[in-house]
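Reading through the structure tokens given below for one structure.
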There are 2 protein chains.
Amino acid sequence: MIKDNLKEIRTPVITELDEFEKIFKDSLKSKVGLVDLVTKFILKQKGKKIRPLLVLLSAQLSGGVTRRSYRGASLVELLHTATLVHDDVVDGAEKRRGFPSINAIWKNKISVLMGDYLLSRGLLLAVEADDFDFLKVITSTVKRMSEGELLQIGKTRRLNIDEETYFRIISDKTASLLSTCCEIGALSASNNLKYIVAMREYGENLGMAFQIRDDILDYVGKSKLIGKPLGADIKDKKITLPLIHALSIANKSEAKEIIGYLKNGNKNPKVNEIIEFVKGRNGIEYSLKIAEGFALKAKASLNVFPDSASKTSLNNLVNFVVNRSN
Amino acid sequence: MIKDNLKEIRTPVITELDEFEKIFKDSLKSKVGLVDLVTKFILKQKGKKIRPLLVLLSAQLSGGVTRRSYRGASLVELLHTATLVHDDVVDGAEKRRGFPSINAIWKNKISVLMGDYLLSRGLLLAVEADDFDFLKVITSTVKRMSEGELLQIGKTRRLNIDEETYFRIISDKTASLLSTCCEIGALSASNNLKYIVAMREYGENLGMAFQIRDDILDYVGKSKLIGKPLGADIKDKKITLPLIHALSIANKSEAKEIIGYLKNGNKNPKVNEIIEFVKGRNGIEYSLKIAEGFALKAKASLNVFPDSASKTSLNNLVNFVVNRSN
């Protein structure tokens, strides 16, 4: 049986995750009342903490969790939280992790500033400790993430996007940060370049699989927990892998019709037609196969490491990502 | 006669400013079409480029402009541009430097992402060249700037703000970046700690004078060029030094009445009453005196340097800042 349960995956670093929570909480303290108010609200929304988990497992696998690993985990979680807060403005999203988004409560003003604050807070953790290797990795990630989102917006407006562009977008906007988590974990534990490169590649491929799975879920439905309804991407006119594949094998007139449906945008009455079109053209199966390809690559990257509990967890995390339903 | 003309102030680094323009333009190039489109639009809006000017003059005064000085100048201008783009979201501003704001044209989505992109682009300039001393200074500045704005928003809502809090806000949100410009300029030219500290203090005091002058202009009127109407801060319920002073010497019932007027917010019919109250209580003269105090401190910091054209320019820049009408 495939163990894809997150609780089991966390087991090898369960004490370390608790320690991380404390350090993370401390790093968020501020003398400015409003900042403290917003961060307390953020801390209440317990996410899956996939990114700190990746840092800690990668560190353990590469030689052992160190003080620097905790700093790295806080850094990536701060950056991730900053992007969530900024995404709230970006998407006009009203819910995030089931809670009303920061934006809905405190408006755009504060969301933008809080995102900037959280990002700089994360960078400062690294700056203050002279972790310049972390800074190199994280700064280029921030650039890739914003560039990836902007590429997606640009392409979405013109409704033309091919597989190559799609892979570039999801590599920049999603895989880059997961790759950075794993690289930072390895950097915090070892200076063996073979390990560092292996973990970076594991994270990149895990991230690709993660995002493709996410895009598939828009067509097959997510657990209600996440609050994101079926077809949300379609309503945003986002063209993702399942649709790209279906369009690529449809005939011209049919493809044109579907693109026409897509233009409806927000209150799209043709969402079901688009979903059925994608399913009928094997868009789901095809995307799953591609996700599994990335999953295999991620697992293969771990071959340089001897077997261990953290290696098993990282392998199981790949299964979790590809099979998750939320 | 006091020379407060920006053109004259620029003279000692006029060739260097041209060189900076080229490097800055290059640093903005991106392979993502949408990013390129927005940056071209940004480049068209020629600002005063006070921040790069500060870096270059500080570098020249501290020993001479170097390759690192240009990088520093690009870094601070990228950061400044990022905050302008983010401010557009923050303020819901429709005009910026006389142009429609990025936000009005491309909506919040793109503004937030472009701000993040520009910030990371700036940090990457320093990261790629191993300018870790720049990173230390700039990261803490990003944190101070967002914290300062958030402190102002928090205090604005409760309409209680004293002089001490006001100075903390403007030091964080405005003076920190000008101080950083001067410190980075000095760092790029010298490792003489006396020079570095002197330039940092010059920038801090210049920034304080700059912001107080800006806040005074809200009461006495700005040149039409900038497009910001009289009383804009009052409509935003922002309590700045002229009003803080006037309130502090008014009797309780009068102060209560004025605070009541302030609550009207955006379409405030009592703007003129508030302006007259501030003028009647010497809020303008008092604030000018405080600004001049900071101006004197800024000039005094330059005493450690021998006389030179760049020293004269930095002295004249102080005059310009305190006397400007836009």
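The values are calculated or read from the model by the stated rules, or taken from the named source; none is laboratory data. All values derive from a computational prediction rather than experimental measurement. Cβ sites come from the backbone with ideal geometry, for glycine too, and all protein chains shown count toward neighbours.
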**Extreme residue, surrounded by the most Cβ atoms within 10 Å (Cβ to Cβ), among residues of segment A:1-58 that are in contact with a Gly (Cβ under 6 Å, 6 or more places away or on another chain) and more than 29 Å from A:Asn316 (Cβ to Cβ)** = A:Leu34
**Fill in**
Among helices (runs of 4 or more DSSP H) entirely within segment B:96-171, at least 2 residues that are more than 10 Å from every other protein chain (Cβ to nearest Cβ) and modelled with pLDDT under 85 occur in B:102-128
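For every residue, the table says whether it meets (1) of a type in the set (Phe, Trp, Tyr); (2) loosely packed, with under 15 Cβ neighbours inside 10 Å.
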| site | (1), (2) |
| --- | --- |
| A:Asn268 | no, no |
| A:Asn272 | no, yes |
| A:Arg281 | no, no |
| A:Ser287 | no, no |
| A:Phe305 | yes, no |
| A:Val322 | no, no |
| A:Ser325 | no, yes |
**Asked** Looking at B:Val76, B:Val85, B:Val65, which is the one that is modelled with pLDDT under 95, of a type outside the set (Asp, Glu) and crowded, with 21+ Cβ neighbours inside 10 Å?
**Response** B:Val85
**Item:** The one condition in (1) under 18 Å from the mean Cα position of the chain (by Cα); (2) crowded, with 23+ Cβ neighbours inside 10 Å; (3) not β-branched (Val, Ile, Thr) that B:Ser188 fails to fulfil
**Value:** (1)
**Request:** List every residue pair whose Cβ atoms sit under 9 Å apart, with the two residues 6 or more apart in sequence or on different chains, where the first one lies in segment B:265-277 and is at pLDDT below 85 and the second, anywhere, is surrounded by 14 or more Cβ atoms within 10 Å (Cβ to Cβ) and acidic (Asp, Glu).
**Result:** B:Gly265/B:Asp236; B:Asn266/B:Asp236
**Request:** State whether the residues of segment A:209-225 include one that is small (Gly, Ala, Ser) and outside any helix (DSSP H, G or I).
**Result:** yes
**Asked** Take the residues of segment B:183-222 that are without any contact (Cβ under 8 Å) to a residue 24 or more places away in the chain and aliphatic (A, V, I, L, M): which is nearest to B:Pro242 (Cα to Cα)?
**Response** B:Val197
